[in-house]
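Worksheet: the structure to be examined is printed underneath.
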Amino acid sequence: MVSQIRFLMCAPDHYDVDYVINPWMEGNIHKSSRDRAVEQWNKLYHVIKDHAIVDLVPPQKGWPDMVFSANAGLVLGENVVLSRFLHKERQGEEPYFQQWFENNGYNVYTLPKDLPFEGAGDALLDREGRWLWAGYGFRSELDSHPYLAKWLDIEVISLRLMDERFYHLDTCFCPLANGYLLYYPGAFDSYSNRVIEMRVAPEKRIAIEEADAVNFACNAVNVDSIVIMNKASDGLKSRLAEVGFQVIETPLTEFLKAGGAAKCLTLRVTEPIGEEIHANVSVESRIIRMEGHLLDAGLINRALDLIVEMGGSFQVLKFNLGEQRQSTSAAEVRVSAPSHEVMEEIISQLIDLGAVDLPQDERDSRLEPVIQAGVAPDDFYVSTIYPTEIRVNGEWLKVQNQRMDGAIAISTTANGIVAKCKLLRDLEIGDKVVVDVLGIRTVRKAESREQRNSQEFSFMSSGVSSEKRVELVVEQVAWELRKIKDSGGKVVVTAGPVVIHTGGGEHLCRLVREGYVQGLLGGNAIAVHDMEQNLLGTSLGVDMKRGVAVRGGHRHHLKVINTIRRFGSIAKAVEAGVVKSGVMYECVKNNIPFSLAGSIRDDGPLPDTQMNLILAQQEYSQIIQGADMILMLSSMLHSIGVGNMTPAGVKMVCVDINPAVVTKLSDRGSIESVGVVTDVGLFLSLLTQQLDKLTSPYVANVG
Ligand code: ARG
């Protein structure tokens, strides 16, 4: 029986592989046989004709890919959205297809120039007519999807293609009758896979393996219960048979050389309109503005890359290039995303890069009340290290207590409205929390090229140094320490027990004694090993002078803990004259506040160790308050903890022998972080030597 379904095909009279616009064409230029192509095409034509009506559009010389009529346009009812090819190699096909549609009584819509969309190759109707699946990422632009929705009055679901072998949606995705879906999940990003899984019930999804996918098994023509394709594995055939589909294989190897198969060679021109189905598109767009050294600082590249990486798409609407070395550039970029969810993720990252709304688009932040203490509304904006402002009642308000991984809470106080970064656990009923990504901006200083190059900490901004550069960093850090000391600033040290094991203790003592350190953070271990070394000459049982393990030495640290416990605190043991030297001794003697945060593996612990971690976090954040620099010495855990509480603008120097730790900590996207991969004992020794050289005090002539 021939059903009333009609397909449009185009004979391969002029078919060839003449150029490369997809990976399948690579190495295949002029390698396909016209005779075999004609034979394969005819076979397909007859197979389809057995089950449906086939119309033909005349082939045109010079347009070898015109055989792939799926790319003529997208038909729904009487309406057609004509393709706008991405590549000039195919753009010449457009008028011929347009002609055919017009001659056959279709109402033809054409997209704006420079908005690529490749027809039914990238847009597939759910066979039940419920919605349109539309692909983007290679050939079709996300921004074409809202036009499809509007003109065809149908819901459009955007899917992002990730694997260039599957550059058109119809190469990896084939809706079948009765709501089934044949597809290759590997071709899509995880967000799109989730969207597919939400729309199509598990029993209706027929996910295929790569082996079938590369044979173009998804590039199939479905007429009722028949599925026509190039080739299918036995496994796939039986899976399809189980759910009532019969596979007809017809070899199309000559067309595979151009990156197409059965579906590509056909265009279904009778697509029934579903009743009660109306336009709906979740694609969102927003225009953002960026200003600064967009090129010099690589900001614009980062912005555009992240938009695409996260599944969005962009159009640069304006770009004013700063022509002089010192002048800044400004750009206006239209950002599109397949859904609000993806848009939020993209925008929150762009905010960190300093993106703002156009003045006329500025909106107040969206606020939602906290209804359960310690729990934010679902959609809360996660704070970052960058100085942030939010818009409330038309005014920009600076957020206080800037730190990452908090929520921004607004409260009304006697002094008016106050916005603060708060940890989730500190949220109170009555707080209003910023949700979504509206009315939020970060304030980025636009350093000039000169400033960037001369700033002490920028010479290897966010970089990890190699051993060779250690001395250079040491010089810079020493210089910085000196300046901060002379101007009455604040340096906080985070230190792990490795400082003591590597013989860095004595140097750290000097830094404390000589006024270079204003706060010390660590865990139980640094304090125990420091005092063990000074009481018993070992560190975790190793003789620090000889570097060998002392018999029974592993018990030493427990003895030390016990002694301190007897006195009640480190300070009391120092006062009693029991602890006579060491880092902890110097802290006590010089009134340097310290906080020791406990952990599950702590022996003892020392009476000073704060085993309540919420309190420990509070102590830490008090100590780092107002710090100009934080020296992180070989303690991944405590350093990460500190990094999380520290706003941008505080210089951070992270020293660790493990490059992974250093990278993790110095990669904060702020130029103030520097990582040094080296032995921490060596680093401290070089640092004190360098400080000795800087004998004459630096006179601060700023401020
Ligand atoms: N060589 C053609 C191109 O790269 C193949 C088109 C295949 N068509 C399709 N609907 N997937 O454009």
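The values are calculated or read from the model by the stated rules, or taken from the named source; none is laboratory data. If you're wondering where the values come from, they're calculated on a predicted model, not measured in any experiment. Using ideal geometry, Cβ is built from the backbone for each residue, glycine included, and neighbour counts are taken over all protein chains shown.
Some points to look at:
For (1) within 16 Å of the ligand (Cβ to nearest atom); (2) more than 39 Å from the chain's Cα centre (by Cα); (3) in a helix (DSSP H, G or I); (4) not charged (D, E, K, R), each residue gets a yes or a no:
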residue: Phe7; (1), (2), (3), (4): yes, yes, no, yes
residue: Tyr19; (1), (2), (3), (4): yes, no, no, yes
residue: Val38; (1), (2), (3), (4): no, yes, yes, yes
residue: Asn42; (1), (2), (3), (4): no, yes, yes, yes
residue: Val47; (1), (2), (3), (4): no, yes, yes, yes
residue: Gln60; (1), (2), (3), (4): yes, yes, no, yes
residue: Leu74; (1), (2), (3), (4): yes, no, no, yes
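- Scanning region 389-422 for residues that are part of a loop (DSSP other than H, G, I, E, B), in contact (Cβ under 8 Å) with a residue 24 or more places away in the chain and out of contact with any Pro (no Cβ under 9 Å at 6 or more places or on another chain) yields a total of 4.
- Residue identified as part of a strand (DSSP E or B), among the aliphatic types (A, V, I, L, M) and within 37 Å of the chain's Cα centre (by Cα) among Val492, Val499: Val492
- Residue list for region 591-601, restricted to those being more than 14 Å from His638 (Cα to Cα) and in contact (Cβ under 8 Å) with a residue 24 or more places away in the chain: Ile592, Pro593
- Exclusive hit being among the small types (Gly, Ala, Ser), in contact (Cβ under 8 Å) with a residue 60 or more places away in the chain, assigned to a loop (DSSP other than H, G, I, E, B) and out of contact with any Gly (no Cβ under 6 Å at 6 or more places or on another chain), set Gly522, Gly515, Gly547: Gly515
- Test: residue in region 275-289 that is crowded, with 21+ Cβ neighbours inside 10 Å, more than 16 Å from the ligand (Cβ to nearest atom) and more than 30 Å from His51 (Cβ to Cβ): yes
- Arg165, sole failed condition from (1) in contact with a strand residue (DSSP E or B) (Cβ under 8 Å, 6 or more places away or on another chain); (2) within 16 Å of the ligand (Cβ to nearest atom); (3) more than 26 Å from Ile273 (Cβ to Cβ): (1)
- When restricted to residues that are closer than 28 Å to Asp18 by Cα and either within 15 Å of the ligand (Cβ to nearest atom) or in a loop (DSSP other than H, G, I, E, B) (or both), region 201-231 contains 13.
- Under the condition of being buried (at least 22 other Cβ atoms within 10 Å of the Cβ) and modelled with pLDDT under 95, the residues counted in region 258-270 number 0.
- In the set Ala213, Ala201, Ala220, Ala207, only one residue is free of Cβ contacts under 8 Å to residues at least 60 places away in the same chain, crowded, with 21+ Cβ neighbours inside 10 Å and over 23 Å from Ala52 (Cβ atoms); that residue is Ala213.
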